[in-house]
Amino acid sequence: MLSNYIKTAWRNLLKNKFYSLINIAGLTAGLAIGILILLWVQDELSFDSFHKQGPNIYRMELFGGTGSSRQIWTAAVAPMGPLLKQQLPEVKDEVRITSSYFSLYKYQDKVFGNERVAFADPSLFSVFDFPIINGDPAKPFTDNNSIVITQKTAKKYFGDQNPVGKTIVADDKFNFTVSGVINDFPQNSSISYDMIMPMSYHINQMLTQNHVDLSNNFDSYSYETYLLLKPGTDPKTLLPKILKIHLSHRAEDTDADYLLLPVSKMHLYNADLTNKGIETVRIFIVIAILILVIACINYVNLSTARSMLRSKEISMRKIVGAGKTQLFMQFIVETALLFCLATVLAIGVIYLLMPVFNQLSGKQLTFKIGDYHIWMVILLTIMGTLAASSIYPALLLSSFEPLKALKGKISAGIGDVLFRKILVVTQFAFSVILIIGTMVITIQLKYIRSKDLGYDKAHVFAFYMRGMTKHYEAIKAELLKQPGILGVTRSSGNIVHIGNISGDNDWDGKAAGQTLIVHPIGTDKDFIPFFKMKLVKGSNFTGAVNDTSHLILNEAAIKELGYKDPIGRRFRMWKTKGTIIGVVKDFHFATMKEKIAPAVFFYQPDRLFAMYIKTTGRDAPKAIQAAETYYKQYNGQYPFDYAFLDDIFNNLYKGEQQEGTLFTYFASIAILISCLGLLGLAAYTAQVRTREIGVRKVLGASVSRIIGLLAKDFIKLVLIAIVIASPVAWYAMNKWLQAFAYRTDISWWIFALAGVMAILIAFITISFQSIKAALANPVKSLRSE
């Protein structure tokens, strides 16, 4: 029986090649793209979920500051982790991680830079699932000068040799002996490094070299701190206890509030469980569902629309004894066969598209046909889509009354015209939503790129000077002689993204309990004019000795202080009792998702390590070569790593740009699938109304009039779809834009343009079949009458 169903289904597919091709193409595209998106979603949701103790691991974060400067710090001070483990029985273990300050690594004649290296407690390898595979798991670090490396790093440095016991030299003078090797960090791990050095080495260096005792230092929030809690511990009950311990060591931090973020959520959520990336995941899930639904609607529409053309076939089957169940199964098998073909093709398409998809999404997903996770995604997608798209057509086609069908008395109502219209409206409403979404994302990204940042970054590249620092003035003078160099300046950090924050300050008129979180950056006297920043009050640094006690604040900081006349006011920054000499106009030094925060410029030449060089653009290669010559002169084997500020800025929005690109492709595919369905319906309509068109042509109807006749019903449905889609799209995209502190408006013309595009696309699609029907010889359609 089943073989007979399959044979009959196969014959029907071959008999109706055009409609079969449309259905298979739509379902293949829908399944392939839907599965790719769901694989992306699965990867995002899987981040940091592979740790066996994951449900009990939390990252400790801190709310700090008052007023508009209040923000979340994802790192803590060094003493907190050990203090909590000592004083709270609920804390089973703790891990601290901070970035390494070394930049050059050597083994014999091999020299490497740009390695991802961190200092960490040895508990990193027992709390998290990063096991030692070569070395002593019970003692990852044998002493302060040991180092644990990944398999990839071991291969790069030592080839096939056993790395344990080998020595890596950092910055030409610090020796570290490899004590262990771990597997490469998984792609879906938020914690990922090439080498791990012991935290004890860092603590010892800070004490001996910088005279800073990290065991009692509550000034530097530079240590990612993870707590392993005992099973059954409610993290909310710990928060007051954690704060109490903090205040017992630093009573003035009354603005502090601790937060514990589950390690499985830190990739997609902020510590207060607000959106960090989860909204994007949800949007992509919705897009995958929309694309699959659009593909299903195609099948349902074409199946029900063509039901009248199969009415006699079905009636004859009933007359010769076929039961309703048999007919139902016949159509289910037809649908299943169609889906099997589409699935095979979809798997092939996924293999072909995977490299492109990875490039667009910035991931390294792999499509392994034997991976049960992949098959779970495929089977759930296929079963859900199959159930949604096959049952209604099968019930409809198996319910015909045979006598009426044979007498030709089957009306269009059997095909449920209203239902098909609803499906077409739904299909195009989804497409219009995706068109509007694509336009809004594109406009927002363009707004970000074109918005005045408050400084000029064009044709500026930057690098860290290292050994050049002491010779800066002489090197600057030589560089300015180069014809392609327009200016040179320096600072303590990156102007595009000032990562440093501090609440260690005081000022005239400070209220009790008030804390100002600022972003400090050291600059020289050329910095403000170099970047064409605007001083709204006061004066710039002059380079005089007394500038070390002078400070320049931005407008956001002055607003938070409540000063109307800030010039000459006292402001302490760290241990320096300074005076405000100027106010610089607000400028963007973080992403547009964040409001401009308070910033402070200070002048301390011995702390300025980053050099900026402005070129003419055309002569940039010569400027880079000149800078590299001086860099190599003072830095030997250190690699010359420079970056243009435009590239650094664009990198801040790499994720959003990838989302925008993917959104554009997904919207295009959704529209393509919708057009395939519309093409099939237009072909069916033209086929059903062949005689009517012939009569109209004989009576003098023009080609354009016939095209309009066939197109108007579909255009009406598209217009209804636009009306329904517009408010839904406005709500969805307005919510997406809320993530940006600085955003574009959703103007009316976006909806108008999206509507016009949808109508044009629909009309062009319909016109293919309409023109063909209008140009057909009426004699052929009427000769049987």
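For residue 515, which sequence-distant residues (separation of 5 or more, or a different chain) have an amide H within less than 5 Å of its own amide H, given hydrogens modelled in the peptide plane?
66
Beyond 23 Å between alpha-carbons counts as too far, so tell me which of 363/735; 244/593; 152/363; 712/735; 106/632 fall in that bin.
363/735; 244/593; 712/735
With θ set to phi - 60° and the Karplus curve 6.51 cos²θ - 1.76 cosθ + 1.60, what are the ³J(HN,Hα) couplings of the stretch 713-728 in order, to the nearest whole Hz, using x for Gly and Pro?
5, 5, 4, 4, 5, 5, 4, 4, 4, 4, 4, 6, 6, 4, x, 5
Under the Karplus relation 6.51 cos²θ - 1.76 cosθ + 1.60, θ = phi - 60°, what is the ordered set of whole-Hz ³J(HN,Hα) values for the stretch 564-571, x standing for Gly and Pro?
8, 10, x, 5, x, 6, 6, 8
Considering the options 453, 465, 486, tell which one lies farthest towards the positive end of the dipole of the stretch 453-495, charges being +1 on Lys and Arg and -1 on Asp and Glu at the Cβ, about the Cα centre.
Looking along the dipole axis, the top candidate is 465.
For the chain, which whole percent of the accessible surface, found with a 1.4 angstrom probe, sits on carbon and sulfur atoms?
On the chain, the fraction of accessible area on carbon and sulfur atoms equals 58 percent.
Quick one: net charge of residue 583's neighbours, Cβ under 12 Å, K/R +1, D/E -1?
+3
Considering only DSSP states other than H, G, I, E and B, which chymotrypsin sites (Phe, Trp or Tyr not before Pro) in the stretch 45-131 qualify as loop sites with at most 11 other Cβ atoms within 10 Å?
Sites meeting the loop and neighbour criteria: 101.
Specify which residue in the list 56, 346, 134 is farthest towards the positive end of the charge dipole of the chain, using unit charges on the beta carbon of Lys, Arg (+1) and Asp, Glu (-1), about the Cα centre.
Positive-end residue among those listed: 346.
Could you compute how much accessible surface residue 211 exposes when probed at 1.4 Å, giving the result in Å² to the nearest 10?
Looks like 150 Å² after rounding.
In a shell of Cβ-Cβ distance under 15 Å around residue 476, excluding residue 476 itself, what net charge do Lys and Arg (+1) and Asp and Glu (-1) give?
+1
Of 225, 717, 286, which is farthest along the charge dipole of the chain in the positive direction, counting Lys and Arg as +1 and Asp and Glu as -1 at C-beta?
In the chain, that residue is 717.
Mind checking the per residue accessible area of the stretch 18-134 for me, 1.4 Å probe, whole number of Å²?
The answer is 36 Å² per residue.
For the stretch 222-242 and the stretch 37-105, write down the distance between their C-alpha centroids in whole Å.
Their Cα centres are 10 Å away from one another.
Taking amide H atoms as placed 1.01 Å from N in the peptide plane, list the residues 5 or more away in sequence, or in a different chain, whose amide H sits under 5 Å from that of residue 463.
Here 611 satisfy the definition.
Taking amide H atoms as placed 1.01 Å from N in the peptide plane, list the residues 5 or more away in sequence, or in a different chain, whose amide H sits under 5 Å from that of residue 487.
614
If ligands, DNA and RNA are left out, what is the accessible area of residue 497 with a 1.4 Å probe, given in Å² to the nearest 10?
The accessible area comes out at roughly 80 Å².
Mind listing the phi-derived Karplus ³J(HN,Hα) values for the stretch 86-94, rounded to whole Hz, using 6.51, -1.76 and 1.60 with θ = phi - 60°, and x for any glycine or proline?
Karplus-based 3J(HN,Hα) across the stretch 86-94 equals 6, 9, 10, x, 6, 8, 7, 7, 9 Hz.
Are there any GluC sites (Glu not before Pro) in the stretch 636-736 that are in a DSSP loop and have at most 13 other Cβ atoms within 10 Å? List them by number.
Listed in order of number, the matching sites amount to none.
Could you point to the label whose value was computed as P(r) over Cα pairs in 10 Å bins from 0, in percent for the structure here, given (1) 2, 10, 17, 22, 22, 15, 8, 2, 0, 0; (2) 2, 11, 16, 19, 17, 12, 9, 7, 4, 1, 0; (3) 3, 13, 22, 24, 20, 11, 5, 2, 1, 0, 0?
After the calculation, the listed value that fits is (2).
At a probe size of 1.4 Å, how large is the accessible area of residue 272, to the nearest 10 Å²?
Result for residue 272: roughly 70 Å² accessible.
Going by accessible area, probe 1.4 Å, with all protein chains left in place, what is the ranking of 254, 765, 616, largest first?
254, 616, 765
From the helices alone, meaning DSSP H stretches of at least four residues, give me the mean residue ellipticity at 222 nm for the chain, per-run term -39500 (n - 2.57), in deg cm²/dmol to the nearest 500.
-16500 deg cm²/dmol
Write down the accessible area per residue of the stretch 193-246 in Å², having rolled a 1.4 Å probe over the full set of protein chains.
That works out to 48 Å² for each residue.
In debye, nearest 20: dipole of the stretch 36-136 around its Cα centre with unit charges on the Cβ of K, R (+) and D, E (-)?
Approximately 260 debye in magnitude.
The values are calculated or read from the model by the stated rules, or taken from the named source; none is laboratory data. Computed from a prediction, not measured in an experiment: that's the story for all the values here. Note that each Cβ is placed from the backbone with ideal geometry, even for glycine, and that neighbours are counted across all protein chains shown. Remember, those area values only see protein heavy atoms, side chains included, never the ligands or the DNA or RNA. Shrake-Rupley method; radii C 1.70, N 1.55, O 1.52, S 1.80 Å.
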